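Student: Got a structure here, written out as structure tokens. Questions coming.
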Amino acid sequence: MRAGRASKIALALVSGIGLGLTLVLSAYDDRIPHELLGVWMTEHPKYQGLSFEITDSAIRLETADGEIHTYDISEFERGGEGQPMSYGLFAMRDGVRQQFFFFYTTNGGGEIRFKNQIEVVWKKASLRR
């Protein structure tokens, strides 16, 4: 009878630990949110006609020369909750680590503003008006 009780206690502890780990791991989701994926464009005069694309594994930047620079994403961070959401993409190109920090809001179907160019508003290409 004692062995049965000990087994039930052990099972309860293992179940509790498993549930706790599941909750912790699900709270830490390093996948890039779906709303950030896609091609982004701006009407800002300095970057008009250019775009960048975020995929689940890379960020691709179009240059004024018409070249596409692809950076392989190695890490993704998300800031606190609320509007705007803060994000960081850490990516590699030719052995050099680059950091891309930006804000995302749901305004107008979604907008991205890079922290170093806050005045430039990027919208998803399919949502541009």
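The values are calculated or read from the model by the stated rules, or taken from the named source; none is laboratory data. Keep in mind the model is a prediction, meaning the values are calculated, not measured. Every residue, glycine among them, receives a Cβ derived from its backbone with ideal geometry; neighbour counts consider all protein chains shown. In case anyone asks, the SASA skips ligands and DNA or RNA and just uses the protein heavy atoms, side chains included. Shrake-Rupley method; radii C 1.70, N 1.55, O 1.52, S 1.80 Å.
Student: Got a sec? Which strands (runs of 3 or more DSSP E) wholly within segment 26-88 have at least 1 residues that are basic (Lys, Arg), at pLDDT 95 or above and within 15 Å of Lys124 (Cα to Cα)?
Tutor: In segment 26-88, 58-62 are the strands (runs of 3 or more DSSP E) which contain 1 or more residues that are basic (Lys, Arg), at pLDDT 95 or above and within 15 Å of Lys124 (Cα to Cα).
Student: Continuing with this model, one more query. Would you confirm whether or not segment 54-74 contains a residue that is open to solvent by less than 40 Å² (accessible area, probe 1.4 Å) and more than 18 Å from Gln99 (Cα to Cα)?
Tutor: No: zero hits.
Student: Taking the criterion of being among the aromatic types (Phe, Trp, Tyr) and closer than 18 Å to Arg31 by Cα, would at least one residue in segment 58-77 satisfy it?
Tutor: Yes, the conditions are met somewhere in segment 58-77.
Student: If you don't mind, another one. Go through segment 99-120 and give me each residue that's of a type in the set (Asp, Glu) and closer than 12 Å to Trp40 by Cβ. Can you show your working first?
Tutor: So the first thing to find is which residues in segment 99-120 are of a type in the set (Asp, Glu), and the list is 111, 119.
Once the filter is applied, which keeps residues that are of a type in the set (Asp, Glu) and closer than 12 Å to Trp40 by Cβ, segment 99-120 yields only Glu111.
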